[in-house]
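Take a look at the structure below.
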Ligand SMILES: Nc1ncnc2c1ncn2[C@@H]1O[C@H](COP(=O)(O)OP(=O)(O)OP(=O)(O)O)[C@@H](O)[C@H]1O
Ligand SMILES: [Mg+2]
């Protein structure tokens, strides 16, 4: 690489040598925050699209109701649902599936047979023409007072609220990290100017415009910002891969399967360019501003 | 003018430099020679009074135009102010680089001038490895490289023996003959008595003119009747 001749020996300043590492740390934090919030919104998208096409109808057994009678009630509701506009399909969940769902909480199946289990009906909605949930509820309770509709709405709203809050926090942290980076670059530029005040004055007196002097600083800031950004993104990618690897090797049943998508990686990979540009324009503005104090 | 809230170091100074003139600026140490030059190369603004350079009133000129004025002024600083991390070549090239001159042109001019000042063998040397006299010549070369309209030299022969001092003075005369207005601040009796140039003498911040017989200055190019520039009127 050809080193550009510069009029200021800035790259030898200790504060300048430290700069990429500090910017690297900042980029690392920003990278993790961004990756986390991208993953979360991906996760939320998967959950809601998985859930929102379906509703569940619970049919509660009456006191000492024979199973056969309960089956008849369920069949009747399934038939009504299948005739309803906007419903793609309805299916009674067989009793052993319900039992399997409850098994972790209630233990062996023999105990279950004695219990008056509610029966479940899986309803797939036609998402292009889904009926309003309220209308569906009234229709069901008119047909059978023991039928309850669970549209997972509350659960979805709470989840979306939580994810939204987490994303807000992540965005705030990214903002703070950006501000801190700007502060560090201002500090480094100021101390560089102070250390080379005499040289700056000579350049000034032999007719250098402010922009010429600022270029001495902004070129370095650009490359330091880029270097720091690459350090940060490399550490960030290593961390994300490490966590992904660890997640792959634990029981995946309870963990949702989410992966960063290609465009997520593009967003993260643009971070070094962003830090480099932030560093460059910060250095330029800092120099230009303090030069106006010279005659 | 004054430094900060200190006493006035220049009080009654009124003069106009004719284009193409060649003056010595004398006065005992602390009289204010360097201070007067600082006003002229726009390192300071006068606390009161008027400085006009190349027909521009410094006080009313927008800040962004000052660099272009400064490029027409060559300065040899009393303490050289070379950039220690740059080679002699790069130091001399600096005024051209700052002005955005092509690198090939820079190479040619700087090589030529360094050879002329006897520094051809030291082009890649950094200033700290040069002797005082060599550094002074680098500083002089830097002030001459852009062929300034006005050359201000503060003790440019302070670090060299009389013989070299006289040789350097011939360099300035050469430049003056090509039309550059020259002001040289000096203590050296030898130079002042040897060259019969008019003298600006400073005594406790007050300026006294001394014209001595036939002036060497004022022989600027007669085909170029520029208006007076470098008019100082600070008090
Ligand atoms: N940067 C400064 N801050 C405050 N006072 C200064 C400064 N520079 C010079 N002075 C004061 O201004 C006065 C004139 O100084 P100046 O350097 O102009 O003298 P000079 O004629 O160049 O002297 P010399 O021949 O020793 O170089 C002196 O009294 C000096 O103390
Ligand atoms: Mg002086």
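Within the group A:213, A:184, which residue is within 14 Å of chain B (Cβ to nearest Cβ) and either over 30 Å from residue A:36 (Cα atoms) or buried (at least 16 other Cβ atoms within 10 Å of the Cβ) (or both)?
A:213
For segment B:29-43, name all the residues that are within 9 Å of ligand 1 (Cβ to nearest atom) and in contact (Cβ under 8 Å) with a residue 40 or more places away in the chain.
Hits for segment B:29-43 are B:29, B:31, B:32, B:33, B:34, B:36, B:37.
Of the residues in segment B:34-64, how many are away from ligand 2 (no atom under 16 Å from the Cβ), at the interface with another protein chain (Cβ under 10 Å from one of its Cβ atoms) and either over 17 Å from residue A:202 (Cα atoms) or part of a helix (DSSP H, G or I) (or both)?
Of the residues in that region, 3 qualify.
Quick check, is residue B:133 free of Cβ contacts under 8 Å to residues at least 60 places away in the same chain, more than 21 Å from residue B:79 (Cβ to Cβ) and more than 16 Å from ligand 2 (Cβ to nearest atom)?
no
Taking the conditions exactly as written (in a strand (DSSP E or B), away from ligand 1 (no atom under 16 Å from the Cβ) and touching a strand residue (DSSP E or B) at 6+ places or on another chain (Cβ under 9 Å)), does residue B:151 satisfy them or not?
For residue B:151, the condition - in a strand (DSSP E or B), away from ligand 1 (no atom under 16 Å from the Cβ) and touching a strand residue (DSSP E or B) at 6+ places or on another chain (Cβ under 9 Å) - is met.
Of all residues in segment B:161-192, how many are in a loop (DSSP other than H, G, I, E, B) and more than 16 Å from ligand 1 (Cβ to nearest atom)?
So the count comes out to 4.
Based on what the data block shows, is residue A:227 away from chain B (no Cβ under 14 Å) and either in contact (Cβ under 8 Å) with a residue 60 or more places away in the chain or under 46 Å from the mean Cα position of the chain (by Cα) (or both)?
So residue A:227 fits the description; yes.
Name every residue in segment B:138-176 that is within 10 Å of residue B:88 (Cα to Cα) and free of Cβ contacts under 8 Å to residues at least 60 places away in the same chain, in order of residue number. Can you show your working first?
Filtering segment B:138-176 for residues within 10 Å of residue B:88 (Cα to Cα) gives B:138-139, B:141-142.
Once the filter is applied, which keeps residues that are within 10 Å of residue B:88 (Cα to Cα) and free of Cβ contacts under 8 Å to residues at least 60 places away in the same chain, segment B:138-176 yields B:138, B:141.
Just one of (1) within 16 Å of ligand 2 (Cβ to nearest atom); (2) in contact with a strand residue (DSSP E or B) (Cβ under 6 Å, 6 or more places away or on another chain); (3) part of a loop (DSSP other than H, G, I, E, B) trips up residue B:29, so point out which.
Going through (1) within 16 Å of ligand 2 (Cβ to nearest atom); (2) in contact with a strand residue (DSSP E or B) (Cβ under 6 Å, 6 or more places away or on another chain); (3) part of a loop (DSSP other than H, G, I, E, B) one by one, residue B:29 breaks only (2).
Can you say whether residue B:158 is in a loop (DSSP other than H, G, I, E, B) and within 16 Å of ligand 2 (Cβ to nearest atom), as far as the supplied structure shows?
Taking the combined requirement at face value, the residue satisfies it.
Among the candidates A:125, A:162, which residue alone is outside the structural domain of residue A:267 (by TED's automatic domain parsing) and within 38 Å of the chain's Cα centre (by Cα)? Please lay out each step first, then the result.
Numbers: A:162 fails: outside the structural domain of residue A:267 (by TED's automatic domain parsing).
Every option except A:125 fails the conditions.
Could you grab me the full set of residues in segment B:1-28 that are within 10 Å of ligand 1 (Cβ to nearest atom) and within 15 Å of the chain's Cα centre (by Cα)?
B:25, B:26
Can you spot a residue in segment A:174-182 that is within 30 Å of residue B:66 (Cβ to Cβ) and in the same structural domain as residue A:273 (by TED's automatic domain parsing)?
Yes, segment A:174-182 contains at least one residue that is within 30 Å of residue B:66 (Cβ to Cβ) and in the same structural domain as residue A:273 (by TED's automatic domain parsing).
If I ask for residues that are in contact with a strand residue (DSSP E or B) (Cβ under 7 Å, 6 or more places away or on another chain), within 11 Å of another protein chain (Cβ to nearest Cβ) and crowded, with 19+ Cβ neighbours inside 10 Å, which ones from segment B:70-92 would you list?
B:73, B:74, B:75, B:77 - these are the residues of segment B:70-92 that are in contact with a strand residue (DSSP E or B) (Cβ under 7 Å, 6 or more places away or on another chain), within 11 Å of another protein chain (Cβ to nearest Cβ) and crowded, with 19+ Cβ neighbours inside 10 Å.
Among the residues of segment B:74-84, is any part of a strand (DSSP E or B) and at positive phi?
Yes.
Quick check on my filter: what residues within segment B:93-119 are within 11 Å of chain A (Cβ to nearest Cβ) and in a helix (DSSP H, G or I)?
Initially, segment B:93-119 is screened for residues within 11 Å of chain A (Cβ to nearest Cβ), giving B:93-100, B:103.
Those that are within 11 Å of chain A (Cβ to nearest Cβ) and in a helix (DSSP H, G or I): B:93, B:94, B:95, B:96, B:97, B:98, B:103.
The values are calculated or read from the model by the stated rules, or taken from the named source; none is laboratory data. Everything numeric here is computed off the predicted structure, so don't read it as measured data. Don't worry about glycine lacking a Cβ; one is built from the backbone with ideal geometry, like all the others, and counts go over all protein chains shown.
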